[in-house]
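Every read-out reported here was derived from the displayed coordinates using simple, explicitly stated rules and does not represent laboratory data. Bear in mind the structure is a predicted one, so any value in this text is a computation, not a measurement. As a convention, Cβ positions derive from the backbone with ideal geometry for all residues, glycine included, and neighbour counts pool all protein chains shown.
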């Protein structure tokens, strides 16, 4: 259970406001009514960011609450591609930097809100790693051309295989390569929590689990909607 934010811009932006949003998500991000707030905030169980620098995707992760972790303020970066993520872990024993999102595999960074089961969950349990990391490793292998169309095909195949992913709760995903950024919303329950909102602009476009401000222009992605996040008008496809 997580909150996420990403942007893509024409020119590099200061990431500090988006890091501040992660701290706010940690302390006050939306929860489902039946979940209890934990010490440290609503999503205190680690944070992570991925961003493009020198043509590569770089990752910083921590197992501490974003709202109080000094490391967050030490991330000083200007970039045109950014993903951020904070956690509310279903199992407190998994709270450490190694289980914080985004994960990185074969040059692809991925942050996930939801839980996979099936073979992916079993492999994660056996390796004592996140189910999201196992999902990413398989996705990065299947997704050959790193295009929107190719990603739609790979996600469609994987999420339609119950033996692979089981009765997963949601597959809300933020994905970045050195060339492109994508966002995908898919939920099987708790649709009021597993949300992704888009605000498209000519200079930058942003997607977030919940609007981090009261400004106009945010729209909720449809269930099954996959977008390539770009300044201007993001391209979109709808997976069945």
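Using a basic spin-label model with each label point 7 Å from the Cα along Cα→Cβ, how many nm lie between residue 161 and residue 192?
With each label point 7 Å from Cα toward Cβ, the separation is 3.5 nm.
Could you tell me the calculated FRET efficiency between residue 28 and residue 58, based on Cβ-Cβ distance and R0 = 30 angstrom, to the nearest 0.05? Could you put the intermediate results ahead of the total?
Working: r = 28 Å, r/R0 = 0.92.
Efficiency, from the Cβ-Cβ distance: 0.60.
What is the extension gain from residue 78 to residue 106, computed as 0.36 nm multiplied by their sequence separation minus the C-alpha to C-alpha distance, in nm to one decimal? Write out the running numbers ahead of the final one.
Details: separation 28, 0.36 × 28 = 10.08 nm, distance 2.32 nm.
Result for the pair: 7.8 nm of gain on full extension.
So what is the diffusion coefficient of the chain in µm² per second by Stokes-Einstein at 37 °C and 0.692 mPa s, using a Kirkwood Rh over Cα pairs? Can you show the working numbers first?
Details: Rh = 17.5 Å.
Here the translational diffusion coefficient equals 188 µm²/s.
Under 10 °C and 1.306 mPa s, how fast does region 94-203 diffuse according to Stokes-Einstein, given a Kirkwood radius computed over C-alpha pairs? Answer in µm²/s, whole number.
On the way: Rh = 14.5 Å.
In µm²/s, the coefficient rounds to 110.
Which residues does a label at residue 216 reach in region 1-26, if reach means a backbone N under 18 Å from a point 7 Å past the Cα toward the Cβ?
None, by backbone N distance to the label point.
What does the extension gain come out to for residue 38 and residue 90, with contour length at 0.36 nm per residue minus their alpha carbon separation?
17.6 nm
Classify region 2-114 as rounded, prolate or oblate, taking a ≥ b ≥ c as the square roots of the eigenvalues of its Cα gyration tensor: rounded when a/c is under 1.5, otherwise prolate if a/b is larger than b/c and oblate if not.
Details: a/c = 1.94, a/b = 1.62, b/c = 1.20.
In terms of gyration-tensor shape, prolate.
Roughly how many nanometres apart are two label points built 7 Å out from the Cα toward the Cβ at residue 128 and residue 240?
With each label placed 7 Å out from Cα toward Cβ, I get 4.4 nm.
Compute the FRET efficiency between residue 68 and residue 149 as 1/(1 + (r/R0)^6), taking r as their Cβ-Cβ distance and R0 = 35 Å, and round to the nearest 0.05.
Numbers: r = 42 Å, r/R0 = 1.21.
After rounding to 0.05, the efficiency reads 0.25.
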